[in-house]
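Asks: Quick one: the structure is below, questions incoming.
The values are calculated or read from the model by the stated rules, or taken from the named source; none is laboratory data. What you see is a predicted model, and the numbers here were worked out from it, not measured in a lab. Ideal geometry is used to build each Cβ from the backbone, glycine not excepted, and the neighbour counts take in all protein chains shown. Side chains are part of the model used for accessible areas, which takes the heavy atoms of the whole protein and leaves out ligands, DNA and RNA. Shrake-Rupley method; radii C 1.70, N 1.55, O 1.52, S 1.80 Å.
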Amino acid sequence: MPTYKYVAVNLQKQKFKGKFIAEDEKDLAVQLARQNLYLVSSSEYKGGTPSAFFTLGTGKVSLTELTTFCRQFAIMITSGIQVMDCLEVLKMQSFSSYFKAILYVIAEDVKGGDMLSTALDKHKKVFPDFFVSMVHVGEASGRLESVFLSLANYYESDAAIRRKARGALAYPLMLAGMTVAITILMLAFVVPTFKDVLADLEVKPEGYTAVIYGISDFLVAYWQWILVGVILLVGSVFLFLQTKTGKRAFDVFKIKCPMIKKVTVELITARFARAFSILLSSGMDLVSALDSTALILGNSYMEARFKDASEEVRHGITLTNAFTKYGLFPDMMTQMLSVAEKTNSLDDVLGRSCRFFDEQVEATLNSLTSKIQPIMLVIMGLVIGSLFLAVYAPMLSIMNQLA
């Protein structure tokens with residue numbers, strides 16, 4: 001049955017607003033009349049996600065907000081506060097205006113009779129299927145507080161891993177940016193100055209120096225077009241990566257590229273171990289847990305292979321054999337899964353292994369950074385050294401002739 005937003009009055013002419021589930025507006029009026037309320041106006045309520053534009057939001061909710069939401073919800077549920085009262089309190093907290101607007105809609109839906117998981121499922125951009133599945137399991141098992149606490153821990157750990165990954169790559173990216181910036185500055189300002197000096201001395205540049213001077217002339221003459229070309233290229237790549245094909249291509253690259261393959265696989269492994277153990281410990285059956293876990297791996301290529309492996313598990317193949325066949329995870333993970341299946345302790349083993357795989361991710365990131373930094377420094381030295389050599393070589397030749 002549809003849900004209606006209504007405005008009604010009582011005998012004292014007091015105005016009331018709210019939502020009510022009814023077959024149609026006539027049934028709504030009858031239902032309200034039983035409560036001594038008289039319908040003034042009504043409209044069908046869709047309960048969609050609020051527009052980010054009107055709340056000055058970005059259309060996304062940060063992991064920090066989701067973590068805080070889950071942890072506060074868990075604390076209040078544990079204290080014996082009802083779900084509806086929890087939502088009323090949470091929508092008054094210091095979240096972004098966009099998230100507050102969504103919480104307001106969720107509170108209204110729950111007040112109108114929806115289950116919390118149903119209300120959350122209407123906002124898929126904010127609450128992924130994994131999140132909704134967890135809440136649904138918590139409602140069915142009566143363990144909503146432990147589910148929200150597990151979700152808070154999951155998002156907290158996931159955010160920590162992402163921060164480590166960004167931090168590990170920050171310095172190499174900074175070196176790359178500095179190399180490009182110094183190269184452009186030299187070609188645009190330093191090289192032309194030395195070229196003018198050589199022209200005054202009537203010295204004709206030759207060989208490598210002539211090539212660098214030609215590149216400098218081209219950059220100075222056509223910098224506007226070069227800038228437009230770079231912007232168009234970057235914009236095209238960005239737009240391509242937003243498409244399904246582009247995301248798939250980038251995800252395949254991250255798995256196939258030797259330099260970043262190991263850290264990508266270990267990030268996915270850590271995420272799988274944490275999410276899968278949470279789902280199993282919350283009472284979800286194995287197949288449903290696999291279906292939900294596939295949604296949070298963060299790599300479409302791995303998700304497709306994971307779903308193929310899950311299908312084999314559905315037909316009776318063990319987790320260990322299915323994952324080994326598709327080469328999804330490192331050997332350590334498959335060995336742990338093998339032991340866990342034999343002892344019937346999947347959730348316990350995976351729960352205990354989360355910290356180990358987090359440490360593996362951190363160690364791999366540190367190793368990757370230690371390898372990339374020297375390479376970037378060498379590249380930076382070679383590029384800048386080559387430019388200086390091209391600039392000063394004619395000067396040194398002139399000085400040797402004068403000597």
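Asks: In deg cm²/dmol, rounded to 500, what helix-only [θ] at 222 nm does the chain give when every DSSP H run of at least 4 residues adds -39500 (n - 2.57) and the total is split over its residues?
Replies: Values: 17 runs with 292 residues, N = 403.
For the chain, the value works out to -24500 deg cm²/dmol.
Asks: If you stretched the chain out fully between Ala199 and Gln93, how much longer would it get, using 0.36 nm times the residue separation minus the C-alpha to C-alpha distance?
Replies: Details: separation 106, 0.36 × 106 = 38.16 nm, distance 6.94 nm.
So the chain would gain 31.2 nm between Ala199 and Gln93.
Asks: Continuing with the same structure: Tell me the net charge near Glu266. Cut-off is 14 Å between Cβ atoms, Glu266 excluded, with +1 for each Lys or Arg and -1 for each Asp or Glu. Kindly include the intermediate steps, with their values, before the conclusion.
Replies: Values: positive: Arg162, Lys164, Lys254, Lys261, Lys262, Arg271, Arg274, Arg355; negative: Asp158, Asp331, Asp358, Glu359, Glu362.
Summing Lys and Arg as +1 and Asp and Glu as -1 gives +3.
Asks: Considering only protein heavy atoms and a probe of 1.4 Å, how much of the accessible area of the chain is carbon and sulfur, as a whole percent?
Replies: Values: 14010 of 22650 Å².
Carbon with sulfur: 62 percent of the solvent-accessible area.
Asks: Right, next: Quick one: Cα centre-to-centre distance for region 312-369 and region 136-154, in angstrom?
Replies: When both Cα centres are located, 23 Å separates them.
Asks: Given a 1.4 Å probe and heavy atoms of the protein chains only, how would you sort Ser288, Ser216, largest accessible area at the top?
Replies: If we order Ser288, Ser216 from most to least accessible, we get Ser288, Ser216.
Asks: Probe 1.4 Å, all protein chains in place: accessible area of His123 in Å², nearest 10?
Replies: 0
Asks: Here's something else I'd like to know. Can you give me the solvent accessible area of Tyr326 with a 1.4 Å probe, rounded to the nearest 10 Å²?
Replies: Around 40 Å² of this residue is reachable by solvent.
Asks: Count the DSSP beta bridges whose two residues both fall in the chain, then state the antiparallel fraction as a percent rounded to the nearest 5. Display every interim value, and only then the final one.
Replies: Numbers: 14 of 14 bridges.
Expressed as a percentage, antiparallel bridges in the chain total about 100.
Asks: Collect residues whose amide H, placed 1.01 Å from N in the peptide plane, falls under 5 Å from the amide H of Ala22; neighbours closer than 5 in sequence don't count.
Replies: Tyr4
Asks: Distance cut-off 25 Å, Cα to Cα: go down the list Lys247/Lys307; Lys325/Lys371; Lys26/Lys111 and report the pairs above it. Before the final figure, lay out each step's value.
Replies: On the way: Lys247/Lys307 18 Å; Lys325/Lys371 31 Å; Lys26/Lys111 21 Å.
Violating the 25 Å limit, Cα to Cα: Lys325/Lys371.
Asks: Can you list the DSSP H helices in the chain whose Cα atoms extend at least 20 Å along the helix axis and whose mean Kyte-Doolittle hydropathy is 0.0 or higher? Intermediate values should be presented prior to the final figure.
Replies: On the way: long enough: 63-78 (22 Å, 0.88); 97-111 (21 Å, 0.63); 144-185 (59 Å, 0.67); 207-221 (21 Å, 1.28); 223-242 (28 Å, 2.00); 258-281 (35 Å, 0.89); 300-314 (21 Å, -1.15); 346-402 (81 Å, 0.81).
What comes out of the filter, once short or polar helices are dropped, is 63-78, 97-111, 144-185, 207-221, 223-242, 258-281, 346-402.
Asks: Could you order Glu266, Glu362 so the one with the most accessible surface comes first? Probe is 1.4 Å.
Replies: Values: Glu266 20, Glu362 75 Å².
Descending order: Glu362, Glu266.
Asks: Same structure, new question: Given the options Asp158, Asp85, Asp291, state which has the largest fluctuation in a GNM of the chain using a 10 Å cut-off (strictly under) for Cα springs.
Replies: Greatest mean-square fluctuation among the candidates belongs to Asp85.
Asks: Measuring with a 1.4 Å probe in the full set of protein chains, what accessible area per residue, in whole Å², belongs to the chain?
Replies: 56
Asks: Got a sec? What order do Glu156, Glu206 fall in by accessible area at 1.4 Å, biggest, i.e. largest, first? Write out the running numbers ahead of the final one.
Replies: Numbers: Glu156 90, Glu206 140 Å².
Largest to smallest exposure gives the sequence Glu206, Glu156.
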